[in-house]
Amino acid sequence: MELTQIRLLVTDFPAVYRFYRDVLGLKPQFEAEAGPYAKLSPDTGEAAIALQDRAQMAGVLGRLGAAAEGFRSLIVLRVDDLDAARAELGARGAEFVREPAPMGDRMRVAHLEDPEGNLIELQEWGALREQAVSGAK
């Protein structure tokens, strides 16, 4: 597994976006003040923080109301084989809140929670991402 980002799930996306961009001075990968997703980085290094609209994430998970409001952050891990990772982690006792499914046209994702209820997303990047990476070499 590879840690790809820590994502904050936010209610007032524009205000939080402006805080990280204008107050902290992080640079957005693309302008997205209205959301529902953005990734911002400092001038140095490859580290980044991502923001996502909490209501959108609740819709992805199929959860509404108070249960969805409990999620404040999301740890994103990339895996080479999502189905194998799902089987291995399930065998170790992980309980998934969303089984592997497509997310857009570039990846498949699954979601689970740690014992404290923190949300974890496993991502398997698709052929479009692999082609872009191999084409850049």
- prompt: Normalised by the residues of the chain, what does the relative contact order come to in percent, with Cα pairs under 8 Å and at least six apart?
  reply: 22
message: How much of the pair distance distribution for the chain lies past 28 Å, counting alpha-carbon pairs only, in percent?
response: 20
Net charge, L82 excluded, C-beta distance under 12 Å - Lys, Arg +1, Asp, Glu -1: -3
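Where the only charges are on Cβ atoms (+1 Lys, Arg; -1 Asp, Glu), what is the dipole of region 2-136 about its Cα centre, to the nearest 20 debye? Present the calculation step by step, with values, prior to reporting the outcome.
On the way: 15 positive and 22 negative charges, 54 e Å.
It works out to roughly 260 debye.
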statement: Placing +1 on each Lys and Arg Cβ and -1 on each Asp and Glu Cβ in region 1-101, then taking the dipole about the Cα centre, the residue among A50, F19, A101 whose Cα reaches farthest towards the positive end is F19
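Where a number appears in this text, it was derived from the coordinates with a stated rule and is not lab data. Keep in mind that this is a model prediction, so the values were computed, not measured. A quick note on method: Cβ atoms are made from the backbone with ideal geometry, for glycine too, and the neighbour counts reach across all protein chains shown.
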